[in-house]
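Okay, structure first, notes after.
The values are calculated or read from the model by the stated rules, or taken from the named source; none is laboratory data. This is a predicted model, so every value here is computed, not measured. Cβ coordinates were reconstructed from backbone atoms using ideal geometry, including for glycine residues, and neighbour counts include every protein chain displayed.
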Amino acid sequence: MPKGSKELTDARKEEIVNACEKLYETLSFKEITLKEIGAVTTFTRTSIYNYFRTKEEIFLALLKREYEKWIAAMDSLTEKNESLSGEEFAESLARILEDRRLLLKLMTMNNYDMEENSRPERLAEFKRTYGDSLKALDSYFAKFTQFSEAERKEILYIFLPFVYGIYPYAEVTEKQRVAMAQANVPFVYHSIYELVYNCVKNLLKSKGE
């Protein structure tokens, strides 16, 4: 790691992560390399190694940042509202995740590769943030529903696997549409908002909320 202040180091990491995010808008995970990332930063590929050992570590840092944004959004709503009706609760959680398309894409499409090809210490940093997201989500449910702690735990382990599966249903490519039509598989488009809203409403209903 090059010498310098923590602020400078963090700024350089942020530049690299920002470049990765920008490339991911038009390129696939497989197409993006450290060379590609270096080409749109002030760093050479060799310099990037001072901060990240693999492209997967860069993507993991991007995913961590997206989780932090999700946590901040949940915390903000928790602090600003004294109470929410079941309808408002479902709507607010749906809006939060609708704004986190990149989070949903990363966790669905590339999570295993990112975790498998990152150093243990980088993975631990990410897992701490992931753990914080569980706490924020639990606090969100605790404040705005009447669920017991045991019920919230049950709900979270229904909701979280569902969240991992949202992206493929909401973001279907034209190639996939054509293939499904040829295979006579019916497909009805649902937005991220619609999928989350309907899931949360059904979860609340199942517990009498």
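Scanning the stretch 76-102 for residues that are among the basic types (Lys, Arg) and within 15 Å of Val163 (Cβ to Cβ) gives Arg95, Arg100, Arg101. If you scan the stretch 121-148, which residues turn out to be closer than 11 Å to Tyr67 by Cα and of a type in the set (Phe, Trp, Tyr)? Residues satisfying the conditions are Phe126, Tyr130.
Within the stretch 23-40, being among the basic types (Lys, Arg) and surrounded by 13 or more Cβ atoms within 10 Å (Cβ to Cβ) holds for no residue. Regarding Ile48, is this residue in the same structural domain as Thr9 (by TED's automatic domain parsing) and β-branched (Val, Ile, Thr)? Yes; evaluated as a whole, the condition is true for this residue. If you go through the stretch 8-24 and keep only what is out of contact with any Lys or Arg (no Cβ under 9 Å at 6 or more places or on another chain) and either over 19 Å from Arg119 (Cβ atoms) or touching a residue at least 60 places away in the same chain (Cβ under 8 Å) (or both), you end up with Leu8, Ala11, Glu15, Asn18, Ala19, Lys22, Leu23.
Can you pull out the residues in the stretch 1-53 that are of a type in the set (Ser, Thr, Tyr) and under 23 Å from Leu103 (Cα atoms)? Even if it seems obvious, please write down each step before you answer.
Going residue by residue through the stretch 1-53, those that are of a type in the set (Ser, Thr, Tyr) are 5, 9, 24, 26, 28, 33, 41-42, 44, 46-47, 49, 51.
Answer for the stretch 1-53, where residues must be of a type in the set (Ser, Thr, Tyr) and under 23 Å from Leu103 (Cα atoms): Tyr24, Thr26, Ser28, Thr33, Thr41, Tyr51.
Would you tally the residues in the stretch 74-91 being part of a helix (DSSP H, G or I) and either in contact with a Lys or Arg (Cβ under 8 Å, 6 or more places away or on another chain) or of a type outside the set (Gly, Ala, Ser) (or both)? Break it down into steps so the answer makes sense when it comes.
As a first pass, look at the stretch 74-91 and keep what is part of a helix (DSSP H, G or I): 74-80, 86-91.
Then drop every residue that is not either in contact with a Lys or Arg (Cβ under 8 Å, 6 or more places away or on another chain) or of a type outside the set (Gly, Ala, Ser) (or both), which leaves 74-75, 77-80, 86-91.
Total meeting the criteria: 12.
In this structure, Arg122 qualifies as within 28 Å of Glu57 (Cβ to Cβ) and among the charged types (D, E, K, R). Among the candidates Glu56, Glu88, the residue that is surrounded by 13 or more Cβ atoms within 10 Å (Cβ to Cβ), at pLDDT 95 or above and in contact with a Ser or Thr (Cβ under 6 Å, 6 or more places away or on another chain) is uniquely Glu56. Looking at Leu60, Leu27, which one is in contact (Cβ under 8 Å) with a residue 60 or more places away in the chain and in contact with a helix residue (DSSP H, G or I) (Cβ under 8 Å, 6 or more places away or on another chain)? Just one listed residue meets the conditions, Leu60. How many of the residues making up the stretch 14-58 are part of a helix (DSSP H, G or I) and either over 19 Å from the mean Cα position of the chain (by Cα) or among the aliphatic types (A, V, I, L, M) (or both)? Final tally of qualifying residues: 16.
Candidates are the residues of the stretch 59-85 that are over 23 Å from the mean Cα position of the chain (by Cα) and within 15 Å of Phe141 (Cβ to Cβ); the one that is surrounded by the most Cβ atoms within 10 Å (Cβ to Cβ) is Leu84.
Listed by position, the helices (runs of 4 or more DSSP H) enclosed by the stretch 92-209 that each have at least 2 residues that are of a type in the set (Phe, Trp, Tyr) and free of Cβ contacts under 8 Å to residues at least 40 places away in the same chain are 149-164. The residues in the stretch 173-190 that are within 26 Å of Ala90 (Cβ to Cβ) and surrounded by fewer than 14 Cβ atoms within 10 Å (Cβ to Cβ) can be counted, and the count is 4.
Could you grab me the full set of residues in the stretch 63-86 that are without any contact (Cβ under 8 Å) to a residue 60 or more places away in the chain and over 15 Å from Phe29 (Cβ atoms)? Step through it out loud before you land on a result.
In the first step, residues of the stretch 63-86 are kept if they are without any contact (Cβ under 8 Å) to a residue 60 or more places away in the chain; the result is 65-66, 69, 72-73, 76, 79-80, 82, 85.
Passing the criteria: Arg65, Lys69, Ala72, Ala73, Ser76, Glu79, Lys80, Glu82, Ser85.
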